[in-house]
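Okay, so here's the structure we're looking at.
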Amino acid sequence: MERYRENLGISVAEWKVVQPKVQAVMDNRISGASGMMSFFGGRGSRGRGDSSTEKTPTSELRDLLEKENPAKGEIKAKLAAYRADRKAREAKLNKAQEDLRQLLTLKQEAQAVLSGLLN
């Protein structure tokens, strides 16, 4: 976090306001990435996704695709749920990024893009 503060040229006092917005972006970016990692057999339980037993659209689609002959209707439904979840995660990330962008100067925004905080 300190690296971001230094890269953005933000004072310690200003950081108290900006830091939660940076954290929100990072949390939402991780949340979106963990969904993809889980789908492709990433870390965690049984070598897939996070270690919780919570069913997610990602895990439900993956589990369905592991079946021998899943019904097309089931695939369509799980795929639609997965896409909706991914879209919701992207919207949350976009909102967090916009909230951060509102606090930055143009120069800081450019630095945040280079740092991977903003698109």
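Read-outs throughout are calculated quantities, based only on the coordinates presented, and are distinct from any laboratory measurement. Note that the structure is predicted; figures quoted are calculated from it, not measured. All Cβ positions, glycine included, derive from the backbone under ideal geometry; neighbour counts span all protein chains shown.
Worth a mention:
- Sparse-neighbour loop sites [trypsin sites (Lys or Arg not before Pro); segment 68-100; at most 10 other C-beta within 10 Å; DSSP]: none
- For residue 89, net neighbour charge (Lys/Arg +1, Asp/Glu -1) across residues whose Cβ lies under 12 Å away: +3
- Charge tally for residue 17 (other residues, Cβ to Cβ under 15 Å; Lys, Arg +1; Asp, Glu -1): +2.
- Likely footprinting exposure, 31, 59, fewest C-beta neighbours within 10 Å first: 31, 59
- Segment 47-119 - charge dipole about Cα centre, Lys and Arg +1 at Cβ, Asp and Glu -1, debye rounded to 20: 220
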